[in-house]
Amino acid sequence: MLRDRGADHALVYGFDRSGSAVPWLTGWPVTREAALVICAGEQDVLYVCYDNHVPNARRLATEADVRPGHRSAIEAALDLLEHRASPGRPIAVIGPVAARWYPRLSAVGGGPVFLDADYTSLRLVKSDEEVRWLREGARMSDDAITALAATARPGVSEAQCAAAIEAAYLGAGGLTHIHYLGTTPMAEPSLCVPAQWPSARPLHAGDVLTCEISASYHGYPGQVLRTFTIAADPSPLYADLHAVAQSAFEAITSRLRPGASAADLVRAGAEVIGEASFTIYDDLVHGYGGGYLPPVLTRAHVEAGSAPDFSFVAGMTVVVQPNVITRDERAGVQTGELVLVTETGWESLHSFRRGLSRVGG
């Protein structure tokens, strides 16, 4: 990829647990800051901040020369590149590099060439090893939602539900990628999607609980989305919402196979959801595993009947999630999961039962 873009060196950057290229290339999950220098024919050099993270980084990034980043990992990496870069040859940059570093990047070699889109294309098709790790992340995510279903009952708070979720996989070596929860009374709903931060609100009989859960195994998360009713059967509105969401999931996955286009999936979901006079808030489908990947098919695509030019191939992993909501955005459901595109169609990486489930009594 570097040769194609006329570059001899790459600066790969991550900050505050963001930047998937560093762990993919080294095995080190980004903590505070990490900057990786890649030069053809030489050992990779990884600068890590804070300095007390370096011993752990050396145990995980075994193929890189791991060095302390001191005050700034990116500054240390640029110091090295000033000595190594060839005049007139660009530095390839991947990751969330702040704009304040652009003048110095421009002065190194022949200036920067940004390769985030090129890098993303490398992550679309998973290796067999990556699929095995995604399966493990999916298994941990299933354990987490199983724990949530066993915990959620009247009197339990969203924060207590979150504690049960994390306890299900931390002991097995998993880490939290996300766990989003949302609760609202079915009789008078005021929330159409889960919240990113749990509240202290206790659950009540007659509530609906929606969730999106991703436990991660060495940076490879599953993703499972489900809806539960608390100590009550679903109201007619929520039964209708979920029935439409489930029909949309089936319509989308019936078309998901190598050679299918993003437009095929948008049409499949839009026909079901539009006919019911509902809409969506979250993405209909998005790539996943190694980042938030193409194709990202949104509400705008569904409502306009358009889609990016994209075709699926075997080995891609995507989340299918037709999270149907009312048009006044007061009520909604979550359903969907991470799936693998196979040679003949698709395979779910999750085993937790689909459907709208009653829990808590």
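Against the main long axis of the alpha-carbon atoms of the chain, helix 236-253 sits at an angle near 50°.
Determine the sum of side-chain charges near Ala152: Lys and Arg each +1, Asp and Glu each -1, restricted to other residues whose C-beta is under 14 angstrom from that of Ala152. Surrounding charge for Ala152 is +2.
As a rough footprinting exposure proxy, the listed residues Glu166, Glu158 were ranked by other beta carbons within 10 Å of their own, and the order from fewest upward is Glu166, Glu158. Hull volume per residue, based on the alpha-carbon atoms of the stretch 9-122 and their convex hull, is 92 Å³. What the Cβ-Cβ distance of Thr31 and Ala107 gives, at R0 = 35 Å and to the nearest 0.05, is a FRET efficiency of 0.80. Taking other C-beta atoms within 10 angstrom as a stand-in for reagent exposure, Ile94, Ile178 fall in the order Ile178, Ile94, fewest first.
Between Ala40, Phe312, Ile74, the Cα set farthest toward the positive side of the dipole of the chain (charges on each charged residue's Cβ, about the Cα centre) is that of Ile74. Computed from the Cβ-Cβ distance with R0 of 35 Å, the FRET efficiency linking His83 to Asn56 stands at 0.80.
Evaluated with a Cβ-only charge set (Lys, Arg +1; Asp, Glu -1), the stretch 9-122 carries a dipole of roughly 180 debye about its Cα centre, given to the nearest 20. Remark on Ile280: its backbone amide H falls under 5 Å from those of Ile325, a criterion applied only to residues 5 or more positions apart or on other chains, H modelled at 1.01 Å from N.
Semi-axis lengths, largest first, of the ellipsoid equivalent to the chain are 41, 24, 17 Å, with √(5λ) applied to each eigenvalue of the Cα gyration tensor. The modelled label-to-label distance between Arg100 and Arg330, using points 7 Å beyond Cα along the C-beta direction, is 4.7 nm.
Since only Gly345, Tyr281, Val359 are under comparison, the one whose Cα sits farthest along the positive direction of the charge dipole of the stretch 234-361, derived from C-beta charges on Lys, Arg, Asp and Glu, is Val359. Put a plus charge on the Cβ of each Lys and Arg, a minus charge on the Cβ of each Asp and Glu, and nothing anywhere else: the dipole of the chain about its Cα centre is then about 380 debye. Note on the stretch 221-350: percent of Cα-Cα distances in each 10 Å bin, starting at 0 and stopping at the bin with the largest distance, equals 13, 47, 31, 8, 1. Over the residues of the chain, the helix contribution to mean residue ellipticity at 222 nm works out to -9500 deg cm²/dmol, using -39500 (n - 2.57) for each DSSP H run of at least 4. With R₀ fixed at 25 Å, the C-beta to C-beta distance from Glu347 to Ile178 puts the FRET efficiency at about 0.65. Once the Cα atoms are used to define both axes, helix 262-275 deviates from the longest principal axis of the chain by about 20 degrees.
Values in this text are rule-based calculations from the coordinates and carry no lab data. Predicted, not measured: the structure shown is a model, and the values here were computed from it. Here the Cβ is made from the backbone with ideal geometry for all residues, glycine too, and neighbour counts use every protein chain on show.
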